[in-house]
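The values are calculated or read from the model by the stated rules, or taken from the named source; none is laboratory data. These figures come from a predicted structure and were not determined experimentally. Every residue, glycine among them, receives a Cβ derived from its backbone with ideal geometry; neighbour counts consider all protein chains shown.
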Amino acid sequence: MVKEKLSKKNWFIITLFCFMGGIAWNTENMYFNTFITNEIYADVSQAAILGSMEAVTAVSRMVALSAIAAVLTTFVMGALSDRLKNRKLFISVGYILWGIVTAMFGFITKENVANIFNLTDEAKILGCTVWVIILMDIVMTFMGSTSNDAAFQAWVTEVTVPRQRPFVETVLSVVGTVSSLAVTGVGSFAQAGTVSYKLFFGVLGLVVTLCGVAGLFLIKDPPRTSQHESSSNYWADLFYGFRPSVIKENARLYLALVSFCFAIIAFQVFYPFLLTYIQYVVIPDNGGVENILKPSVIITAVAVVVFLLACIVTLLRLSTKKKGFCLAVGIVVLTIGFLLLSTSTNIYVILVSILPVVLGNALVNILFGAAVKDFIPEGKAGLFQGIRMIFAVLIPMIVGPFIGETACKYAARTIINEVNAEVIVPAKDMFLWAGVVCILGIVPLYFLIKKGFDVEKSEKPEDVKI
C-alpha cells in the first residue's frame, strides 16, 4: 500500500530521474538540430546540398520521425511495462541505453559514414550521414519513451497518492525547467564551437547512463495489489480511443485535444529551428553577442520577466472561474505574440513579443492540460494516453516542422558556409505561420465551450476527488 508521505529516497529518485531525463530530452530536442547545421552542413558544397537535402529539411524529417517513434513506443512499451509490472528494469536499463545512444552522436561524422559505407560521392555522403543521424534519433527516442514516458511516469504514479500528485507534478515541472536551462547553458559552448559536439554529447550521455546504473540499486517497484491478468482484448483496449462511439461519448475530450493540438503545432513550426535562428539570424542582425548583452537589453529583459510573473499569477487566479474564456484569451494573446515576432529580428521587439508568447503559452498549457485530465473518464486514463500522444506529439511534430521548413525555404534566408555554399537557415516568417495555425484553435474551442467546459457543473460535490 502506498504511504501518505513520500520517503526521502523516493523524492531523490523522482528528482534525479526527472532531471536526467530532461537532460537527454532537451539535448535531443534542442541540440541535435544545431549539430546538423553547425557540423554536418558546415563544409558541404552547393552541389552536395542540391543532390541530397537542405539542413531545414533534415531537421524537419528528424523531428517528424522521432514523433512517430515516441507515440508508437508509448503505445507498445507502456502497455508492456504495465503488464509486466517491472518498472525498475524498464527505467534503469532504458536510461543506461539512452545515455549510450546520446554519447554515440558525437561519433557521427561525414568521414566516418563515408568509411563505413565506402562512399565517395559528396551528395551521397551528406544524405547518408543525415539519415544515420535520423535513425539514431529514432533509437534514442525509443529508449527515452520506454524508460521515461512509459515506465518512469507510471512508477511515479504508483508510488504516490492523489493528495501528493499536484505537488509532485509541480516539482517535476520545476526540475524539468532547470534541466532545460542546464542543457542550454552547457550546449551554448558546443554551439559556439568552444567545445566539440563529441565532448558535449559524450559527457551528457555519460551522466544519463550513470543515472540508469544508480537506478538498479535505488529503485524499488511498489508491491502489486493484484496479479495482472492477460487479456485477449489487449489490442481492442489499445485502440479503444479510436472507436466512433467512444469519440462521440467523450466529445469534449477530443475537442480539447484538437484545440490544444493547434497550439502545439504552432510551437513546432519554429521550435526545432529556434536555436539556429538565434545563432544565424538574431545575433548577427543585432550586431553580435556584445550588443545583445548591453545594459539596456538586460534591463528590458528583466522588466519583461517581472511583468510576466505578475501577469501569469493574476490570470491564473482568474482562470479558475472562467476557464473557457481564459483559454480563448490565451490563444489570442499567443497568436499576437507570434505575429509580433514575425515583424522584426530587433532584440527589443523580440523581448516585447516574448511577453504575450509566454503569457499565452502559460494559460494554454495549464488550462488545456487540466481540461484533458478532467474530460478523461474515471478509471480509463490508461486507455487514452496513446490518443493524447497523437494530438500532443505525433501530429504537432510532423505538421509543425513541415510548415516551418516550408516557411524557411520560401523566405530563402541563407548563410555562406566554409566552402562558399549557401545553406538555408530559419527566418522570422516562420512565426507568421505559427500565428496562423495557433488562431485556428479557436474553432474547436468554441464548440467545446458550447458543450460546457467545467466538469464540476455536472458532478455532485461528493463525487469530486481532490
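Show the residue pairs meeting these rules: Cβ distance below 6 Å; 6+ apart or different chains; first residue within region 52-68 and touching a residue at least 60 places away in the same chain (Cβ under 8 Å); second residue not in a helix (DSSP H, G or I).
54/424; 55/41; 55/423; 56/424
What residue, of 364, 419, 358, is aliphatic (A, V, I, L, M), out of contact with any helix residue (DSSP H, G or I) (no Cβ under 7 Å at 6 or more places or on another chain) and either more than 28 Å from residue 49 (Cα to Cα) or surrounded by fewer than 18 Cβ atoms within 10 Å (Cβ to Cβ) (or both)?
419
Which of (1) modelled with pLDDT of 80 or more; (2) surrounded by 15 or more Cβ atoms within 10 Å (Cβ to Cβ); (3) assigned to a helix (DSSP H, G or I) does residue 248 not meet, given it meets every other one?
Among (1) modelled with pLDDT of 80 or more; (2) surrounded by 15 or more Cβ atoms within 10 Å (Cβ to Cβ); (3) assigned to a helix (DSSP H, G or I), the lone unmet condition for residue 248 is (2).
Is it the case that residue 4 is part of a helix (DSSP H, G or I) and either small (Gly, Ala, Ser) or modelled with pLDDT under 90 (or both)?
It is false that residue 4 is part of a helix (DSSP H, G or I) and either small (Gly, Ala, Ser) or modelled with pLDDT under 90 (or both).
For region 90-202, list the helices (runs of 4 or more DSSP H) that sit wholly inside it and hold at least 3 residues that are modelled with pLDDT of 80 or more and assigned by TED's automatic domain parsing to the domain that holds residue 47; which are they?
Values: elements: 110-117, 122-144, 153-158, 165-192.
In region 90-202, 110-117, 122-144, 165-192 are the helices (runs of 4 or more DSSP H) which contain 3 or more residues that are modelled with pLDDT of 80 or more and assigned by TED's automatic domain parsing to the domain that holds residue 47.
Of the residues 437, 419, 364, 393, which is in contact (Cβ under 8 Å) with a residue 12 or more places away in the chain, in a loop (DSSP other than H, G, I, E, B), out of contact with any strand residue (DSSP E or B) (no Cβ under 9 Å at 6 or more places or on another chain) and of a type in the set (Val, Ile, Thr)?
Testing whether each residue is in contact (Cβ under 8 Å) with a residue 12 or more places away in the chain, in a loop (DSSP other than H, G, I, E, B), out of contact with any strand residue (DSSP E or B) (no Cβ under 9 Å at 6 or more places or on another chain) and of a type in the set (Val, Ile, Thr) leaves just 419.
Kindly evaluate residue 64 against the criterion of being within 29 Å of residue 273 (Cα to Cα) and either under 17 Å from the mean Cα position of the chain (by Cα) or buried (at least 22 other Cβ atoms within 10 Å of the Cβ) (or both).
Yes: the conditions hold for residue 64.
Taking into account only those residues within region 80-91 that are surrounded by fewer than 22 Cβ atoms within 10 Å (Cβ to Cβ) and in contact with a Gly (Cβ under 8 Å, 6 or more places away or on another chain), which is farthest from residue 20 (Cα to Cα)?
The selected residue is 82.
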